[in-house]
Amino acid sequence: MDKKIKILIIDDEDIVLKSSLRILKNKDYEIDTVYSGDEGLKLVDTKEYDIVITDLKMPGLSGMEVLSTLRKNKPEITVIIFTGFATVENARGALKMGAFDYIPKPFTNEELRSVVENAVTSREANSHANMLDLMAIVSHEMKSPVSAVHTTAETLYRGYLGNLDPEQQKTVEKILRNCQYLEDIIRNYIDLSKMDLDNLASFTKKIDLVGDVIQPVIDIPENKDNLKHMTIVADFAVRPLVTGDPILLNIVVSNLINNAIKYGKPDTPVTVRLCEDDANYIVSIRNEGVGISKEDIEQRLFKKFSRLKQKGTEGVKGSGLGLYICKKIIEKHQGRIRVESEPGEYTTFYFSIPK
């Protein structure tokens, strides 16, 4: 854990509080205990807690009232209920009101540990999902203004508003490189959010691997009419229907073609091929360019936030997420992704989709 989980336990029985502290003491938790709901809510107002465990039946403020107040004022807190046998029905009512789970009294060491660990795991998962949502929202908001800057800079670079002198040309090239870097980050964060939120039921659909996935990426104007004048050559030996998610597979092809252009030699082709063997359909994307060293292929490629330091890529930035995302998507499709490369000569990425 990056930080200690802060837990507040509310119960009017001293033995319950002491037992809970003993059972949870070896975990990375910071635990406070109080004897009443009133004390508990006062403490919640002065200190931030991740989890509150409260008994239902207590003198004064009941556990249900504690739960109701926390749902209203501190909805980010996870609430767990202690309940005796006679109040199991009330515990079920507490679940309907938003409690995470309940722990019956008397409880075993494992019962308490298990429920608390589940609550911690659930909080971490929700935090991750919320962060992905935030990244996707911010990325979508950034996408349009960055694209506008890129388009304007490209208009200047192509000389549509007059010829640039060498120094102006260098400045505009720097703007374009930074726009490409930002667009790379934006695209990959949006892709990450799609990966986490995609509906696995979509993997039962039949899609046209050429018509739904590959050709639309080739036809994107930024790819067809790229500044490096790299022609995209398509060679489809087969045009199969496959089972998969067209949006996710489109992300893979987009990333690989984008990289082929970004790290390729100007005025050379990017070749996109589709063929088959006995068990798979195989897509390959090849460029002539800086290539990838054997060391990078073995140690860094396809790893999250991993950036390769290849000769000839100075000034070319990336998020370090693209190939990681590609690998995860292909693995979701029960396929495999790999690379062949000769530094300074060429790079070919292959991915397979089972028949």
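Read-outs: derived from the displayed coordinates by stated rules, not from any lab. Because the structure is a prediction, the values reported are computed rather than measured. A quick note on method: Cβ atoms are made from the backbone with ideal geometry, for glycine too, and the neighbour counts reach across all protein chains shown.
Observations on the model:
- Antiparallel DSSP beta bridges within the stretch 200-355, percent to nearest 5: 85
- Residue order, fewest to most surrounding Cβ atoms within 10 angstrom, among Asp245, Asp225, Asp50: Asp225, Asp50, Asp245
- Cα-only radius of gyration and Dmax that characterise the stretch 1-128, units Å: 13.2, 39
- Maximal additional length on extending the Lys6-Arg22 stretch stands at 4.2 nm, based on 0.36 nm per residue less the C-alpha distance.
- For peptides 254-261, 12-19, 335-342, sequence by mean Cβ density within 10 Å, most packed first: 254-261, 335-342, 12-19
- Charge sum, other residues only, whose C-beta stays under 10 Å from Ala237's C-beta, Lys/Arg counted +1 and Asp/Glu -1: 0
- About its Cα centre, the stretch 1-128 has a charge dipole of approximately 160 debye under the convention of +1 per Lys or Arg Cβ and -1 per Asp or Glu Cβ, with nothing else charged.
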